[in-house]
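Colleague: Right, I'll just put the structure down here and ask away after.
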Amino acid sequence: MQKITTQLRLPSHFRADDFFAFHLRDQHNIAEIVEGNLLRKGILWDRSPAQLLIAIDGNQATMSLEIDKGETQPCEQKLVEVGKHMLGLQQAVEQFEAQYLSHPILGKLIQQQQGLRIYQSTSPFEALIWAIIGQQISVTAAIAIRRRFIQATGSRHSSGIWCFPDAQQVTAVDDLTLRQTGLSASKLTALRALCAALLNHHIDLTSPINAEEVQKLSSQLVSLKGIGPWTVSYALLRGFNYLDGSLHGDVAVRRNLQSLLGMETQPTAKETEKWLEEFTPWRALVAAHLWRSQSAAGY
């Protein structure tokens, strides 16, 4: 086994409790384990099973990577980039807060939730798979399917933790096994189309995202059967640190906006979309503030 360790400085108002709550959603703890201020997560590192450990103490995060069967020494800089990504440190939330802290409606949420950022899945692929699994079902149901999906397609690190699969591993599993995890036929179709597009290099999830690349990638993804705008917006939010997707169709966003605005009835998706437009290019971050107003695990 190979092991490397590095450290990251965290900004003031970093919400460590929210970071751990994001990874605590599955109480069965097969692929993510939270022990106090420590996260253990199973990942693939250069296609080898690995355990990533992130411990937070005050304004410092200590990251360790334990790799099974690694052929080359892992790069510390790559580990730093993974840490910054997962912890949401590439998001300019301070700029957003400075701009909208005095907003007559949103300002009170920002004041209550200062430092809120979008904690990321380890990779864009993981974020996309989660978004596909979570289409039009409850979070509880999606978590259970995701757990069975990881067990059906992933691999285990020597520590016993399960590692989220890559596209090659998913492709190697037959349809019947995947359907038995709870995936519907339409979600299975979407997964197959996504994996094929990645393995055939028709879609690239490794390029940095800017406004132009977002439009290109979004168009490529929605062209795949079973992937729609909500799935793309959520995956961009959780996998690419992209904070301007409009999640106006999300039920929790609309429900919490109703509460924020004191409305008698829940706003429609169209009304929510119009309300969010004011906050471009931060619409998805605003949605996250609405999610967080309900619970830490809900965003």
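The values are calculated or read from the model by the stated rules, or taken from the named source; none is laboratory data. A quick note: this is a predicted structure, and the numbers were derived from the prediction, not measured. Glycine also receives a Cβ, built like all others from the backbone with ideal geometry; neighbour counts cover every protein chain displayed. These accessible areas exclude ligands, DNA and RNA; they are computed on the full protein's heavy atoms, side chains included. Shrake-Rupley method; radii C 1.70, N 1.55, O 1.52, S 1.80 Å.
Colleague: Exactly which trypsin sites (Lys or Arg not before Pro) in the stretch 54-143 are in a DSSP loop and have at most 15 other Cβ atoms within 10 Å?
Modeller: Details: sites: Lys69, Lys78, Lys84, Lys108, Arg117; in loops: Lys69, Arg117.
Hits after loop and neighbour filter: Lys69.
Colleague: While we're looking at this one, here's another question. Using the Karplus equation 6.51 cos²θ - 1.76 cosθ + 1.60 (θ = phi - 60°), what ³J(HN,Hα) coupling, rounded to whole Hz, does each residue of the stretch 52-63 give in order, writing x for Gly and Pro?
Modeller: 9, 10, 10, 10, 10, 9, x, 9, 9, 10, 9, 10
Colleague: Here's another thing I want to ask about it. Once the stretch 1-147 is represented by equal point scatterers at the alpha-carbon sites, with solvent omitted, what log10 I(q)/I(0) does the Debye formula produce at q = 0.12, 0.13, 0.14 Å⁻¹?
Modeller: For the stretch 1-147 at q = 0.12, 0.13, 0.14 Å⁻¹, log10 I(q)/I(0) is -0.58, -0.67, -0.77.
Colleague: Can you give the Rg/Rh ratio of the stretch 162-262, where Rg is from the C-alpha atoms and Rh is the Kirkwood radius?
Modeller: Rounded to two decimals, Rg/Rh equals 1.03.
Colleague: Over the stretch 164-240, what percent of the accessible surface lies on carbon and sulfur atoms, probe 1.4 Å?
Modeller: Answer for the stretch 164-240: carbon and sulfur cover 55 percent of the accessible area.
Colleague: Counting pairs of alpha carbon atoms under 8 Å apart in space and at least six apart in sequence, what relative contact order in percent does the stretch 146-299 give?
Modeller: Details: 157 pairs, mean separation 21.4, N = 154.
Relative contact order here is 14 percent.
Colleague: Among the listed pairs Lys225/Lys274; Lys3/Lys187; Lys84/Lys225, which have their C-alpha atoms separated by more than 29 angstrom in this model?
Modeller: Pairs exceeding the cut-off: Lys3/Lys187; Lys84/Lys225.
Colleague: I would also like to ask the following. Counting only the heavy atoms of the protein chains, how much of His85 is accessible to a 1.4 Å probe, in Å² to the nearest 10?
Modeller: 30 Å²
Colleague: Turning to a different aspect of this structure: Sorted by accessible area (1.4 Å probe), largest first, how do Met263, Met86 line up?
Modeller: The residues order as Met263, Met86, largest area first.
Colleague: Give the long-range amide H neighbours of Ile203: residues separated by 5 or more places, or on another chain, with amide H under 5 Å away, using H modelled in the peptide plane at 1.01 Å from N.
Modeller: Counting only residues 5 or more places away or on other chains, the set is Leu198.
Colleague: Choose one of Ala288, Ala31, Ile137: the residue whose Cα lies farthest towards the positive end of the charge dipole of the chain (beta-carbon charges +1 Lys, Arg; -1 Asp, Glu; about the Cα centre).
Modeller: Ile137
Colleague: Springs between alpha-carbon atoms under 10 Å, Gaussian network over the chain: tell me which of Glu81, Glu94, Glu212 tops the mean-square fluctuations.
Modeller: Maximum among the listed residues: Glu212.
Colleague: Here is a follow-up. Give the distance, in whole Å, between the Cα centre of the stretch 257-290 and the Cα centre of the stretch 189-219.
Modeller: That distance is 28 Å.
Colleague: I want to verify a result. In a Gaussian network model of the chain, Cα cutoff 10 Å, which of these has the top mean-square fluctuation: Gly42, Gly245, Gly228?
Modeller: Comparing Gly42, Gly245, Gly228 in the GNM, the peak value goes to Gly228.
Colleague: Also: Work out from phi, with θ = phi - 60° and the Karplus expression 6.51 cos²θ - 1.76 cosθ + 1.60, the ³J(HN,Hα) of each residue of the stretch 95-100, listed in order in whole Hz, and give x for Gly and Pro.
Modeller: With coefficients 6.51, -1.76 and 1.60, one gets 5, 4, 5, 4, 6, 10 Hz.
Colleague: Right, here's the next one. For a distance above 13 Å, tell me the whole-number percent of Cα pairs in the stretch 1-59 that qualify.
Modeller: 66 percent
Colleague: Quick one: ranking Ser102, Ser186 by accessible area, 1.4 Å probe, largest first, what do you get?
Modeller: Details: Ser102 105, Ser186 70 Å².
Descending accessible area places them as Ser102, Ser186.
Colleague: Report relative contact order for the chain in percent, whole number only (criteria: Cα-Cα under 8 Å, sequence separation at least 6).
Modeller: 18 percent
Colleague: Here's a follow-up. How much accessible area per residue does the stretch 1-114 have, counting only protein heavy atoms and a probe of 1.4 Å, in square angstrom? Mind showing how you got there, number by number?
Modeller: Details: 5680 Å² over 114 residues.
With all protein chains present, the stretch 1-114 gives 50 Å² per residue.
Colleague: What is the dipole size for the stretch 136-236, taken about its Cα centre, with +1 at each Lys and Arg Cβ and -1 at each Asp and Glu Cβ, in debye to the nearest 20?
Modeller: Numbers: 9 positive and 6 negative charges, 84 e Å.
Charge dipole of the stretch 136-236: 400 debye, to the nearest 20.
Colleague: Counting heavy atoms of the protein chains only and a 1.4 Å probe, report the per residue accessible area for the stretch 143-299 as a whole number of Å².
Modeller: That works out to 45 Å² per residue.
Colleague: Cut-off under 18 Å on the C-alpha distance; same-chain residues fewer than 8 positions from Lys69 excluded. Which aspartates and glutamates are left, in chain and number order?
Modeller: The reachable aspartates and glutamates, counting only those whose Cα sits under 18 Å from Lys69, are Asp46, Asp166.
Colleague: Next question. Using Cα pairs under 8 angstrom and six or more residues apart, how large is the relative contact order of the stretch 75-137, in percent?
Modeller: That works out to 36 percent.
Colleague: Calculated from the structure, Rg/Rh (Cα atoms, Kirkwood Rh) equals which of (1) 0.95; (2) 0.97; (3) 1.09?
Modeller: (1)
Colleague: If you place +1 on the Cβ of every Lys and Arg, -1 on the Cβ of every Asp and Glu, and leave all else neutral, what size is the dipole of the chain about its Cα centre, to the nearest 20 Debye?
Modeller: Roughly 560 debye, rounded to the nearest 20.
Colleague: Could you look at the stretch 1-144 and say what percent of its accessible area is carbon and sulfur, using a 1.4 Å probe and all protein chains?
Modeller: Carbon-and-sulfur percentage of accessible area, whole number: 48.
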